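Engineer: Before I ask anything, let me first share the structure, which is written out below as structure tokens.
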Amino acid sequence: MMSWTSDQSHIYDTFKKDPTRFMEEYDSDDNFIQDYFIDHYLTTPLSTKKYDYSYIQDLTEHIAVYKHDTKQGAEFDQDKHRIIVFQGHPRPWEQDKIPYR
């Protein structure tokens, strides 16, 4: 899930110019968008310094990324992790560490 506060259709417009290349170059839409924003917005003028940023899942301990935050489910905490983000494989139904309904 992504949310924007303004029109960001230029991201998709860039992607659709060469989708095959971008699908081969990036393993996720997150990485494509991250690089796109770094290249277009997150560099200070007259400098190569990149700004820091974070994803929504980094703002709360209740949202966790399966691969990273729960270490492939090994560190899943039912009381702490309320929302689990599955990016790519395994899909929720392809793993057996976190209950899937």
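Engineer: Run the simple label-point estimate for S9 and I63 please: 7 Å along Cα→C-beta, distance reported in nm.
Structural biologist: 2.5
Engineer: Now a separate question. Given H placed on each backbone N at 1.01 Å, which residues far from K67 in sequence or on other chains put an amide H within less than 5 Å of it?
Structural biologist: So K67 has HN proximity to Q72, Q87.
Engineer: Residue by residue through segment 8-23, which ³J(HN,Hα) values in whole Hz follow from phi under the Karplus form 6.51 cos²θ - 1.76 cosθ + 1.60 (θ = phi - 60°), with glycine and proline marked x?
Structural biologist: Computed from phi, the couplings for segment 8-23 are 10, 4, 4, 5, 5, 4, 5, 4, 6, 5, 8, x, 4, 4, 5, 5 Hz.
Values in this text are rule-based calculations from the coordinates and carry no lab data. In this text the structure is predicted, and so the values were computed from the model without any measurement. Positions of Cβ are generated from backbone atoms using ideal geometry, with glycine treated the same way; all protein chains shown enter the neighbour counts.
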